[in-house]
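Okay, structure first, notes after.
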Amino acid sequence: METHLTWYGQSAFKIITPAGNVLLVDPWLTNPVFEKGKDEVAGLKRVDLILVTHGHSDHVGNAVEIGKRTRAKLVATYDLSAAMTTVLGYPADLANTDTTGHFGGTLNLLEGEVRVTFVPAWHGAGVVKDEDSPPYYGGTPSGLILAIRGGPTFYHTGDTDLFSDMALVSRFNKIDIMLVCIGDHFTMGPARAAEAVKLVAPRTVIPMHYGTFPVLTGTPEMFNRELKQRHVKADLRVMKIGETIDLSE
């Protein structure tokens, strides 16, 4: 029984659990670096959960379109969930208390196969309806701990800077896969991301949120050098855009 992980670029991932449940995280599939984004969105026949770390458009992405078509439930903090339903039109009946939480709280979803814990992230979270509208309050941005029964435990950092409390994540959850932003400018760059990995001590680290735009200058090569300088033991796995990998428990 394996868990399948697909990276679409930026911070967008698909996780298929051992039981066949489909999760999308920060689902901006039509981003500039994933050429098949429109086809992928159209081809998604089943999505059970859409998880969003914060309200920026490169993370909300195609969530509303996919949610309306697949009837996927929205997993987000209370404030972000409210903003996405009232401002962006995510179906309110798919964003109820069962899948809405807040920091430190854990949601037991899909008959207990998936446990989601919200953890802090240092960033912003304004939700924008369109280019001509002001940003709306989207709450405090989050990272996500995703524990899969019979599979790995993920830590998706969302967009964030390095902060010392990251060390507490592994006190409560042994992290198998850390999905960490490295692009710099709007998030941690490679050096601060490497420090974050050292604090969390995952088994494997997968870089994300880089290369989508020229301003995101961090690269996996730079990140690898920073990890080595700090003698970080985590295995670095660099995924290609659109690649799917199989993960054992």
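Accessible surface of Ile50, taken over heavy atoms with a 1.4 Å probe and every protein chain present, rounds to 0 Å². Here each label is just a point 7 Å from Cα along the line to Cβ, and for Ser133 and Phe213 those points are 2.0 nm apart. Of the residues Lys68, Lys36, ranked by 1.4 Å probe accessible area with the largest first, the sequence reads Lys36, Lys68.
Using alpha carbons only, what's the Rg to Rh ratio of segment 29-139 with Rh from Kirkwood? Rg divided by Rh gives 0.96. Per residue, the Cα convex hull of the chain amounts to 112 Å³. Approximating the spin labels as points 7 Å out from Cα along Cα→Cβ, the His185-to-Phe103 distance works out to 2.8 nm. To put it simply, the accessible area of segment 87-191 at a 1.4 Å probe is 52 percent carbon and sulfur. Sorted on the mean count of surrounding Cβ atoms within 10 Å across their residues, most packed first, peptides 11-17, 238-244, 172-178, 186-192 read 11-17, 186-192, 172-178, 238-244.
For the chain, the antiparallel share of DSSP beta bridges with both residues in that region comes to about 60%. Within the listed set Glu113, Glu221, Glu131, the residue fluctuating most in the Gaussian network model of the chain (springs between alpha-carbon atoms under 10 angstrom) is Glu131. In order along segment 203-215, the Karplus-derived 3J(HN,Hα) couplings, from 6.51 cos²θ - 1.76 cosθ + 1.60 at θ = phi - 60°, round to 6, 9, 10, 10, x, 8, 6, 8, x, 6, 10, x, 5 Hz, and Gly and Pro are given as x. Pairs over the 27 Å Cα-Cα cut-off, from the set Lys129/Lys240; Lys14/Lys228; Lys14/Lys174; Lys45/Lys233; Lys38/Lys73: Lys129/Lys240; Lys14/Lys228; Lys45/Lys233.
Sort segment 200-249 into rounded, prolate or oblate with this rule: let a ≥ b ≥ c be the square roots of the eigenvalues of the Cα gyration tensor; rounded if a/c is under 1.5, and if a/c is not under 1.5, prolate when a/b is larger than b/c, oblate otherwise.
Details: a/c = 2.64, a/b = 1.11, b/c = 2.37.
Oblate.
Rounded to the nearest 10 square angstrom, Arg203 shows an accessible area of 100 square angstrom against a 1.4 Å probe. For the chain, the solvent-accessible area of protein heavy atoms averages 44 Å² per residue (probe radius 1.4 Å; ligands and nucleic acids excluded).
As a calculated quantity, the FRET efficiency between Lys228 and Glu2 at R0 = 35 Å, using C-beta atoms, amounts to about 0.75.
About its Cα centre, what dipole magnitude does segment 151-241 give when the only charges are +1 on Lys and Arg Cβ and -1 on Asp and Glu Cβ, stated in debye to the nearest 20?
Details: 11 positive and 9 negative charges, 78 e Å.
So the dipole magnitude of segment 151-241 works out to roughly 380 debye.
Charging the Cβ of each Asp and Glu at -1 and of each Lys and Arg at +1, and nothing else, the dipole of the chain about its Cα centre rounds to 520 debye.
The values are calculated or read from the model by the stated rules, or taken from the named source; none is laboratory data. Because the structure is predicted, anything quoted here is derived from the model rather than measured. Note that we place each Cβ from the backbone using ideal geometry, even for glycine, and neighbour counts take in every protein chain shown. Calculation scope for accessible area: heavy atoms of the full protein, side chains included, ligands and nucleic acids excluded. Shrake-Rupley method; radii C 1.70, N 1.55, O 1.52, S 1.80 Å.
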